[in-house]
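J.: This is the structure I want to talk about, given as structure tokens.
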Amino acid sequence: MSEDFQFGGAPFPLKFSGRLWKNWWIRGVLSLAMISGFFMVIYLGPTMLILVVMTIQIKCFQEIIDIGYRVYHSYELPWFRTLSWYFLICVNYFFYGETLAEYFGALVQREESLQFLVRYHRFISFTLYLAGFCMFVLSLVKKHYRLQFYMFAWTHVTLLIVVTQSHLVIQNLFEGMIWFIVPISIVICNDITAYLFGFFFGRTPLIKLSPKKTWEGFIGGFFGTLVCGFILAYLLAQFQYFVCPVEVNSKTNRFTADCEPSDIFVMQQYTFPFAVQNILTWKTVNLYPYQIHSVVLSTFASLIGPFGGFFASGFKRAFQIKDFADTIPGHGGIMDRFDCQYLMATFTHVYIASFIRGPNPSKVLQQLLVLQPEQQLSIFNTMRDRLRDRGILPPAAM
């Protein structure tokens, strides 16, 4: 027998085959464990999801900051780590404060202690940032000027990549858990199917930044992701818990998802084009409109999403490191698992804002409730006159 055997179209040394399969099983078992944990967190509800997203964000931030700390030998820089974590706190305070004011304004207005913080939130956030900026300037040391500015920029780019995009994950969650679960799940599905197709059939290199990526894995991942996203969208679109925007119940002060599902989550009948009818022999198909949106999300996740991974690969090659960290055996650091997720979250947020989100009566009502009584009365009179002019209210009404 030859010392090599054919694996995926290329010679593979027998002495390494055991190691390869061992690594495959380690990755597989831990992937199943992470997926199980993901479903458990979903079961525990929005509060736990938010806490997990924040934890992942902090860990990703730490991994990238630690790389800069090691690569640039920043051991003697005064206040570098302290300022990095201080800016993380400032940016999170700003983003989560904005979310609290936007989605839960009426609830916040009931707490007098929070009204001041909400009213002057942006001024407070800017003041906190200015304090960190001044501390950085005061920490400048002549022999470390260039290195200190390198690390200042490193910290801010990390905040932009990690914190800003993780905030969009939370924003997607509040639009409905389906906008949180499906994008994350199809990225996971793409990662798994692309890995499997590449593992068993891969022979054509895809990109030099990631030598292990193959065209076979890329194409197989695309079709696998389309199927996965389409089926998952169908399953989740049937349940109010997943499709309704996440709001706070003013009586229980708990997150709830209770609403009349919007049109994209109502089954509709679609007619095939005439040419397709001749091929498939049936004329119509019943789908949730969200399933069509899932095709767009899946296409992005499988064709553009991997470029987040390629970007991360280029970053690691630039600094000659294998992984961001060694937190997860066989997978690397947390950031190694979420490089594509952040890009996907940003696309989902932009997609919702561009094609899905319309006027939200709940948000409008929350904003009205925090106005002064005379302002509310003025809006009431204006709305009454408009409705009368349009014939919706009879002239004698009220």
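J.: Obtain the nm distance between the two label points defined at SER139 and VAL71 by a simple spin-label model: each point lies 7 Å from its Cα along the Cα-to-C-beta direction.
T.: Taking the two extended label points, one gets 1.9 nm.
J.: If I measure Cβ to Cβ between cysteines in the chain, which ones have no partner under 4.7 Å?
T.: So, CYS60, CYS90, CYS134, CYS340.
J.: Listed here are the pairs LYS213/LYS316; LYS142/LYS322; LYS208/LYS322; LYS212/LYS322; LYS212/LYS316; LYS208/LYS316; which of them are more than 23 Å apart at the Cα? All intermediate terms of the calculation are to be shown ahead of the outcome.
T.: Working: LYS213/LYS316 16 Å; LYS142/LYS322 34 Å; LYS208/LYS322 15 Å; LYS212/LYS322 13 Å; LYS212/LYS316 15 Å; LYS208/LYS316 13 Å.
Going by Cα-Cα distance, LYS142/LYS322 fall outside the 23 Å limit.
J.: For the chain, what does the relative contact order come out to in percent, with C-alpha contacts under 8 Å and a separation of six or more? Could you put the intermediate results ahead of the total?
T.: Numbers: 425 pairs, mean separation 72.2, N = 398.
Across the chain, relative contact order equals 18 percent.
J.: Taking only Cα atoms and a 10 Å spring cutoff, compute GNM fluctuations for the chain and point out the largest among LEU343, LEU371, LEU83.
T.: Greatest mean-square fluctuation among the candidates belongs to LEU371.
J.: Among LYS142, LYS283, LYS316, determine the one that fluctuates most according to a GNM of the chain built with springs between C-alpha atoms less than 10 Å apart.
T.: Residue with maximal mean-square fluctuation among LYS142, LYS283, LYS316: LYS283.
J.: Measure off 7 Å from each Cα along the Cα-to-Cβ vector at LEU280 and ARG146, then give the distance between these two points in nanometres to one decimal.
T.: 6.3
J.: A follow-up question, please. Working out 0.36 nm times the residue gap between ARG357 and LEU393, then minus their Cα-Cα distance, what length gain in nm do you get to one decimal?
T.: Details: separation 36, 0.36 × 36 = 12.96 nm, distance 2.79 nm.
Extra length available between ARG357 and LEU393 comes to 10.2 nm.
J.: Only residues of region 181-219 count here: report those whose backbone N is under 13 Å from the spot 7 Å along Cα→Cβ of PHE38, or say none.
T.: 181-194
J.: Still on this structure, I have one more. Report the gain in length on full extension from ASP258 to LEU160: 0.36 nm times residue separation, minus Cα-Cα distance, nm rounded to one decimal.
T.: Values: separation 98, 0.36 × 98 = 35.28 nm, distance 3.35 nm.
Value of the extension gain: 31.9 nm.
J.: Work out how much length LEU365 to ILE231 would gain on full extension: take 0.36 nm times their residue separation and subtract the Cα-Cα distance, in nm to one decimal. List each step's numbers first, then the result.
T.: Numbers: separation 134, 0.36 × 134 = 48.24 nm, distance 3.53 nm.
In short, 44.7 nm is gained.
J.: Another question, then. Could you provide, to the nearest whole Å², the per residue accessible area of the chain with probe 1.4 Å?
T.: Here the residues of the chain average 59 Å² of exposed surface.
J.: Moving on to the next point. How long are the three semi-axes of the equivalent ellipsoid of the chain, in whole Å, if each is the root of 5 times an eigenvalue of the C-alpha gyration tensor, listed from largest down? Walk me through the numbers on the way to the answer.
T.: Working: eigenvalues 358, 247, 53 Å².
Semi-axes (√(5λ), whole Å): 42, 35, 16.
J.: Additional query: Please check: in the Gaussian network model of the chain (C-alpha springs, under 10 Å), which one of PRO306, PRO211, PRO46 has the largest mean-square fluctuation.
T.: PRO211
J.: I've got another one for you. Which chymotrypsin sites (Phe, Trp or Tyr not before Pro) in region 86-178 sit in a loop by DSSP (not H, G, I, E or B) and have at most 12 other Cβ atoms within 10 Å of their own Cβ?
T.: Loop-located and lightly packed - TYR120.
J.: Under 20 Å Cα-Cα from LYS143, which aspartates and glutamates qualify once same-chain neighbours fewer than 8 residues away are excluded?
T.: GLU76
J.: First compute the accessible area of the chain with a 1.4 Å probe, then give the percent of it belonging to carbon and sulfur atoms.
T.: Details: 15540 of 23320 Å².
It is 67 percent, rounded to a whole number.
J.: Between THR99 and GLN376, what FRET efficiency comes out of the Förster formula 1/(1 + (r/R0)^6) with R0 = 25 Å and r the beta carbon distance, rounded to 0.05?
T.: Working: r = 25 Å, r/R0 = 0.98.
Here the calculated transfer efficiency is 0.55.
J.: Any idea how far apart PHE272 and MET383 come out in nm if each label point goes 7 Å out from Cα toward Cβ?
T.: Computed distance between label sites PHE272 and MET383 equals 4.7 nm.
J.: Mind putting a number on the dipole of the chain about its Cα centre? Charges go on the C-beta only, +1 for Lys and Arg and -1 for Asp and Glu, and I need it in Debye to the nearest 20. Could you put the intermediate results ahead of the total?
T.: Details: 30 positive and 23 negative charges, 159 e Å.
So the magnitude is around 760 debye.
J.: For the chain, which longest stretch is free of loop sites, where a loop site is one of the GluC sites (Glu not before Pro) that DSSP puts outside H, G, I, E and B and that has at most 12 other Cβ atoms within 10 Å? Spell out each step's value before the answer.
T.: Values: sites that count: GLU3, GLU111.
Longest site-free region, per DSSP loop and neighbour criteria: 112-398.
The values are calculated or read from the model by the stated rules, or taken from the named source; none is laboratory data. Small disclaimer: the values here were computed from a predicted structure and weren't measured. Heads up, the Cβs are rebuilt from the backbone with ideal geometry, glycines too, and the neighbour counts pull from every protein chain shown. The protein model used for the area step is the full one, side chains on, heavy atoms only, and it has no ligands, DNA or RNA in it. Shrake-Rupley method; radii C 1.70, N 1.55, O 1.52, S 1.80 Å.
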